[in-house]
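Notes for the one structure printed next.
The values are calculated or read from the model by the stated rules, or taken from the named source; none is laboratory data. Owing to the predicted nature of the structure, the values given are computational and were not obtained by experimental measurement. Cβ coordinates were reconstructed from backbone atoms using ideal geometry, including for glycine residues, and neighbour counts include every protein chain displayed. What goes into the accessible areas is simple: the full protein's heavy atoms, side chains included, and nothing from ligands, DNA or RNA. Shrake-Rupley method; radii C 1.70, N 1.55, O 1.52, S 1.80 Å.
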Amino acid sequence: AIDDVAHSFRRTNKRLRVGLVSSDGGYFSSLLNNYPNAEVREFSPIGFEYTGNIDLYIFDGMAPQEPSRVPALVVNGIGPWLPAGTPVFNPEIISKEEQHPILQRVSLDDVFIDVANQVQIRNDETSLLGLDTTLSILVANNRQPRWVWLGFDLDNSNFGRHSSFPVFLDNIIHWLMDVEIISYAGLGPVRVRFSGDQIIGVDGNL
């Protein structure tokens, strides 16, 4: 049923300057370039240094050694300021914080993960996807500046190609920035004309 639902990004009440730190743009470049009110700057992970005039960083497959100075999403990155994990294969999610703003309207049905890093939850952190009462693969840090840590590479999962992934990213941006949502309305059925030529995924690939 999730495949029959149309989603849209929610416009924020200010211009959003996003720094994408990734070797290839991954699953984020195409989505962010279509994000309303967003100005995206892409940085190489090699020799990365923080720069001014960035409201939000997305670290894809890496993490800087120093804590982020602004809100950040860290995807499978390791750093002394982040939770340290150990690999787990085919993790089974036991608990989900479905009421947390990051997981609202995010369906995890049919999401598969080959390998992830499981971490112990520390003070001021919330486990959003728990493997038991103490281990997690998705952590939200509640201190300022906020950050979210995703414990698996999107290439080791089908989540980046899942229909809920754009919703997940949209939720993270709004939660990290703590911005007011101008409006929200559910979408009804949408009929689209399709020539049968090709379908492009969120990563920009056929």
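Structural remarks
- Point-charge dipole on Cβ atoms (K/R +1, D/E -1) for the chain, about Cα centre, debye to 20: 720
- For region 49-90, the per residue solvent-accessible surface stands at 48 Å², with DNA, RNA and ligands left out and a 1.4 Å probe.
- Translational diffusion of the chain, µm² s⁻¹ [Kirkwood Rh, Cα pairs; Stokes-Einstein; 10 °C; 1.306 mPa s]: 89
- Dipole of region 51-206, positive direction: furthest Cα of I113, G160, M177, with charges on the beta-carbon: M177
- S44 accessible area, assembled protein chains, probe 1.4 Å, Å²: 60
- As a fraction of the 1.4 Å probe accessible area of the chain, surface on carbon and sulfur atoms comes out at 46 percent.
- Ranked order, T126, T133 - accessible area, probe 1.4 Å, largest first: T133, T126
- Rounded to two decimals, the Cα-based Rg/Rh of region 51-113, with Kirkwood Rh, is 1.02.
- A probe of 1.4 angstrom, applied to the heavy atoms of all protein chains, finds K96 with accessible area near 100 square angstrom.
- Taking the chain and dividing mean pair separation by its residue count, relative contact order in percent (alpha carbons under 8 Å, at least six apart): 23
- Cα centroid of region 24-60 to Cα centroid of region 97-174, whole Å: 19
- Over region 17-135: Kirkwood hydrodynamic radius from C-alpha pairwise inverse distances, Å: 16.0
- Neighbourhood net charge (15 Å Cβ-Cβ; Lys/Arg +1, Asp/Glu -1) for F152: -4
- Amide proton proximity set for L56, modelled H, under 5 Å, gap of 5+: R17, G19
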